[in-house]
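This report refers to the structure that appears directly beneath it.
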Amino acid sequence: MKTKAIDLKKLAEHVDRHQNDAVEMEKLTLQYPDLSVEDAYKIQSLWGELAGARGDQMIGWKMGLTSRAKQESVGVKEPIYGRLTQSMEVADRKLRLNGLIHPRVEPEVAFVMKEELKGENLTPRDIWAATDFIMPAVEVIDSRYKNFSFTLEDVVADNASSSKFFLGDQAYSPYHTSLSDMPVSLYKNGEVVQSGSGAAVLGHPVRSIMELANMINRFGLSIDPGMVILTGGITEAVHVYDEDEIEVDFGTLGKMKLDVTAS
Ligand code: OOG
Ligand code: MG
């Protein structure tokens with residue numbers, strides 16, 4: 001039995017402060033063992049309101065822990081979602097470490113939508129019909145928790161570790177290639193450190209969008225036209241340090257190169 005209601009707004013402000021100041025925090029579940037997944041998504045939503053109030057509007061969603069590799073590496077065995085805001089999108093090819101705690105990068109496929117998607121039981125056909133284009137992407141995750149260690153509830157409350165993201169220069173037709181067959185290799189300083197294929201993401205990245213629509217529908221939310229969706233890391237995420245050179249080869253979706261700099 002819960003003894004007293006948890007002040008979710010206060011926890012959203014706590015998370016927000018640690019994100020903005022790039023300071024590590026203890027797991028929320030240490031202090032609030034009763035925190036539910038639903039509470040955690042409410043904290044995330046309240047965090048989104050805080051960001052919006054300072055002019056950092058929401059521009060999309062991200063799915064996380066959609067691949068086995070990712071689930072194994074953090075010990076959380078189910079997909080999660082997070083909110084993407086304007087300030088997270090980086091237009092140049094510099095990953096600046098300033099303002100980050102212990103960032104990691106991971107290759108993903110992004111979908112950009114042209115029509116609203118809402119509800120449970122959507123099919124791949126519904127998703128494709130609503131998709132404007134797809135792009136290769138690199139997400140930078142930066143859990144605010146010490147040692148990148150968290151429970152399901154903690155990571156959801158921390159906006160699924162969202163920090164920054166880069167989209168490729170080239171957009172592609174959704175029908176350009178089979179995303180499940182797409183090979184992906186991540187190079188760090190010229191050496192392959194991770195590789196996988198689109199099928200790692202729930203069998204096919206389109207299923208990640210179906211799952212997102214399902215999950216947010218529980219809160220009466222939908223995917224809006226124009227939104228960008230990161231479908232989840234195809235490989236495990238890789239730590240980056242000053243002066244690293246990151247290159248991701250997305251096969252027929254091209255390559256992306258990032259320079260890691262201190263500031
Ligand atoms: C959670 C976020 C995972 C992905 O693509 O799987 C994620 C984490 O590992 O910190 O963004
Ligand atoms: Mg990700």
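Details
- Think of each Lys and Arg Cβ as +1 and each Asp and Glu Cβ as -1; about the Cα centre, that makes the dipole of the chain roughly 440 debye.
- Helix-only arithmetic for the chain: the sum of -39500 (n - 2.57) across DSSP H runs with n ≥ 4, divided by the residue total, places the mean residue ellipticity at 222 nm at -7500 deg cm²/dmol.
- Amide H contacts of residue 226 (H built 1.01 Å from N, in plane; Pro and chain starts excluded): 113, 114, 115 sit under 5 Å, all sequence-distant by 5 or more or on other chains.
- Seen from residue 27, the other residues with C-beta closer than 11 Å to its C-beta sum to a net charge of -3, counting Lys and Arg as +1 and Asp and Glu as -1.
- 20 Å cut-off, amide nitrogen to a point 7 angstrom out along residue 22 Cα→Cβ, residues in the stretch 117-154: 138-149
- Summarising the amide proton neighbourhood of residue 25: residues at separation of 5 or more, or on other chains, whose placed amide H is nearer than 5 Å comprise 145, 146.
- Rounded to 5, percent antiparallel among DSSP beta bridges of the stretch 3-261: 85
- Comparing Cα centroids, the stretch 119-192 and the stretch 20-75 end up 16 angstrom apart.
- Projecting the alpha carbon convex hull of the stretch 167-255 along each direction and taking the average yields 7.1 nm².
- Considering only 33, 75, 226, and ranking their Cα positions along the charge dipole of the chain that arises from unit charges at the beta-carbon of Lys, Arg, Asp and Glu, the one farthest toward the positive end is 33.
- Other residues within the sphere of radius under 13 Å centred on the Cβ of residue 214, judged by their own Cβ, net out at -1 (K and R +1, D and E -1).
- Spin-label pair residue 195/residue 255, simplified geometry with 7 Å Cα→Cβ offset, distance in nm: 1.5
- When only the Cβ of Lys, Arg, Asp and Glu is charged (+1, +1, -1, -1), the dipole of the stretch 95-193 relative to its Cα centre reaches about 320 debye.
- Computed over the stretch 3-261, the alpha-carbon pair-distance distribution with 10 angstrom bins reads 7, 33, 38, 19, 3, 0, each value a whole percent.
- Whole-Hz ³J(HN,Hα) from phi, Karplus 6.51 cos²θ - 1.76 cosθ + 1.60, for the stretch 87-93, glycine and proline x: 5, 7, 7, 10, 8, 8, 10
- Under-5 Å amide H pairs with residue 85, H placed in peptide plane, nonlocal only: 59
- Working note: Karplus 6.51/-1.76/1.60 with θ = phi - 60° gives the stretch 32-45 the couplings 10, x, 7, 4, 9, 4, 5, 4, 4, 5, 5, 4, 4, 5 Hz, where Gly and Pro are set to x.
- The phi torsions of the stretch 118-133, fed into the Karplus equation with coefficients 6.51, -1.76 and 1.60 and a -60° offset, translate into couplings of 8, x, 8, 6, 6, 10, x, 4, 4, 5, 4, 5, 9, 8, 7, 7 Hz, rounded to whole numbers, with Gly and Pro shown as x.
- Check: the stretch 178-255 dipole with +1 on Lys, Arg Cβ and -1 on Asp, Glu Cβ, in debye: 520
A short reminder: the numbers here are calculations on the coordinates, not readings from a lab. Small disclaimer: the values here were computed from a predicted structure and weren't measured. Neighbour counts are summed over all protein chains in view; Cβ atoms, including those assigned to glycine, are modelled from backbone coordinates with ideal geometry.
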